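Scroll down for the structure; my scribbles are underneath it.
The values are calculated or read from the model by the stated rules, or taken from the named source; none is laboratory data. No experiment lies behind these values; they were computed from the predicted model shown. Here the Cβ is made from the backbone with ideal geometry for all residues, glycine too, and neighbour counts use every protein chain on show.
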Amino acid sequence: MKSPLWHALLALSLTATASYAVPIDATLAFAATGGYWESTGRGGAYRVLVFSGGFEHVSSRVVAEWVAEAGGASATAAVVSEHELVGFGFFSLGAPELARLKDGVRVTLSGVETHTPERKVTCVFDLHPKGQVTVVRQCG
């Protein structure tokens, strides 16, 4: 198991390895990186992205990514798997909370229903190596 300092350095390297400007989606509201996965000789961090859009009824789309660490001094990190956790249209969600599990990371999302904002929602997903997702608690 890698140390917390190693994970912090990995997270920094995932954001700072590119030597060129990369356009960022303007709808990206939150990003969180945490945990560590290993599979088929590769390893890296989990990243969860929350995109928000809309006018009168803001809704969120949430995507989980498995980001492989860079292979060498000149290599860059790469997304090797991606899974949509929540689609646009039904919920407006805040920053994801990530907690380490024995074999992955737990993602907790909190927010409100898009068309009924007084109704709070919580969604929980477990991310595992090899791009696998377990729905612990569906939104709503």
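Side notes on the structure shown:
- Check on Glu84, within 12 Å of the chain's Cα centre (by Cα) and loosely packed, with under 13 Cβ neighbours inside 10 Å: yes
- Residue list for the stretch 80-90, restricted to those being at pLDDT 95 or above and of a type in the set (A, V, I, L, M, F, W, C): Leu85, Val86
- In the stretch 37-48, the residue that is nearest to Thr27 (Cα to Cα) out of those that are modelled with pLDDT under 90 and surrounded by fewer than 16 Cβ atoms within 10 Å (Cβ to Cβ) is Arg42.
- The C-beta contact set for the stretch 121-140 (first residue in a helix (DSSP H, G or I), second residue buried (at least 16 other Cβ atoms within 10 Å of the Cβ), distance under 6 angstrom, 6+ apart or interchain) comprises Pro129/Trp37; Pro129/Ser39; Lys130/Ser39; Gly131/Trp66; Gly131/Ser81.
- The set of residues in the stretch 46-59 that are farther than 16 Å from Val133 by Cβ and either part of a loop (DSSP other than H, G, I, E, B) or not polar (S, T, N, Q) (or both) comprises Phe51, Gly53, Gly54, Phe55, Glu56, His57, Val58.
- Scanning the stretch 54-98 for residues that are touching a strand residue (DSSP E or B) at 6+ places or on another chain (Cβ under 7 Å), without any contact (Cβ under 8 Å) to a residue 40 or more places away in the chain and of a type outside the set (Lys, Arg) yields Val63, Glu65, Ala68, Ala78, Val79, Glu84, Gly87, Phe88, Gly89.
Okay, residues lined up against (1) under 21 Å from Val135 (Cβ atoms); (2) part of a loop (DSSP other than H, G, I, E, B):
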{"site": "Ala31", "(1), (2)": "no, no"}
{"site": "Arg61", "(1), (2)": "yes, no"}
{"site": "Thr76", "(1), (2)": "no, yes"}
{"site": "Glu84", "(1), (2)": "yes, no"}
{"site": "Gly89", "(1), (2)": "yes, yes"}
{"site": "Leu98", "(1), (2)": "yes, no"}
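- Failed item, numbered, when Thr116 is tested on (1) within 14 Å of Ala32 (Cβ to Cβ); (2) assigned to a loop (DSSP other than H, G, I, E, B); (3) over 13 Å from the mean Cα position of the chain (by Cα): (1)
- The set of residues from the stretch 49-85 being under 20 Å from Ile24 (Cβ atoms) and β-branched (Val, Ile, Thr) comprises Val50, Val58, Val62, Val63, Val67, Thr76, Val79.
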